[in-house]
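Heads up: the structure comes next, in structure tokens.
The values are calculated or read from the model by the stated rules, or taken from the named source; none is laboratory data. Everything numeric here is computed off the predicted structure, so don't read it as measured data. Positions of Cβ are generated from backbone atoms using ideal geometry, with glycine treated the same way; all protein chains shown enter the neighbour counts.
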Amino acid sequence: MSGERLLTIDSLSVTFGGLDALKNLDFHVDEGEIVSVIGPNGAGKTTFFNMISGMVAPTAGDIVFRGESLLGFDPNQVTARGIARTFQNVRLFANMTILENVMVAQHCRTKQGVFGALFNTPGFRREEEEIRAHAEKVLGFFGTRLIGYRLHQPASVLSYANRRRLEIARAMATKPTIILLDEPVAGMNPKESEELTGLIGKLRSEWGFTIVMIEHDMNVVRDVSDRVVVLDHGETIAQGSFEEVSTDPEVIEAYLGRPVEGAS
């Protein structure tokens, strides 16, 4: 279930203080794919997301999205072009309401400027209503957990699992082509993880998003991924279907820290 090549990463490297966080990394994702990026702690997974989203500048290589290099773009510019992300540690505006958190995420798509806001022009009011309607539609994707009376509650009152859902909602609200999910089920119990796994599949089937996901929960990776890419010490050591990478001796060694018996 894939289409055109959306994102191509070519020989990407980043060095911090003489240490290679990523080294000659090649990667791609096609329209409609769900690709999981896995690897042991310290493998370079979050640095990989940080570079795609404009938070870290690579030392070498290129990041091309729909034929355009993203090098030199800041995070807002990357988001405006259609790549949204969540974070391993949830980043919400705790004192804003749930609705406001999702509305403010859409600022990269607004057309009305300071003049419209200051003078409350008809165009500004119309755009505000469109933003609100889209925010409510996005929040409705999560069932009753984030809508109804909850819309006007501060994000700080949400459970941990619902905070993670809200962060995904904020990414959805930017109307992206690709969503980068950084450990979306981290800290969730098995029931919550199972529910969110189903929602990840629906992000593609119902909303048409292409997804790249960092995840440690192998049940989630197994159940939603079209392809799995394995990083270790900043380099790709395997890629393919979940079945292929989960039985790869080099992948098992990277996770267990020792060679697999009988492996060459």
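Brief remarks follow.
- Residue check for Val29: surrounded by 15 or more Cβ atoms within 10 Å (Cβ to Cβ) and at pLDDT 95 or above: yes
Yes/no per residue for (1) among the small types (Gly, Ala, Ser); (2) surrounded by fewer than 21 Cβ atoms within 10 Å (Cβ to Cβ); (3) modelled with pLDDT of 95 or more; (4) out of contact with any Lys or Arg (no Cβ under 8 Å at 6 or more places or on another chain):
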position	(1), (2), (3), (4)
Pro176	no, no, yes, yes
Ile179	no, no, yes, no
Pro190	no, yes, no, yes
Lys202	no, yes, yes, yes
Glu206	no, yes, yes, yes
Ile214	no, no, yes, no
Val221	no, no, yes, yes
Arg227	no, yes, yes, yes
Ser241	yes, yes, yes, no
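- Residue match in segment 97-104 (condition: in contact with a strand residue (DSSP E or B) (Cβ under 7 Å, 6 or more places away or on another chain), not acidic (Asp, Glu) and not assigned by TED's automatic domain parsing to the domain that holds Ile211): yes
- Test for Leu146: is it farther than 28 Å from Asp26 by Cα and not in a helix (DSSP H, G or I): yes
- Listing of strands (runs of 3 or more DSSP E) fully contained in segment 1-55 that carry 2 or more residues being over 18 Å from the mean Cα position of the chain (by Cα) and acidic (Asp, Glu): 19-30
- The residue list Leu196, Leu158, Leu146, Leu166 contains one member that is among the hydrophobic types (A, V, I, L, M, F, W, C), crowded, with 16+ Cβ neighbours inside 10 Å and closer than 24 Å to Val78 by Cα, which is Leu166.
- Matching residues, segment 65-94, being loosely packed, with under 13 Cβ neighbours inside 10 Å and of a type in the set (Gly, Ala, Ser): Gly67, Ser69, Gly72
- In segment 67-78, the condition of being modelled with pLDDT of 90 or more and in contact with a Phe, Trp or Tyr (Cβ under 9 Å, 6 or more places away or on another chain) is met by at least one residue.
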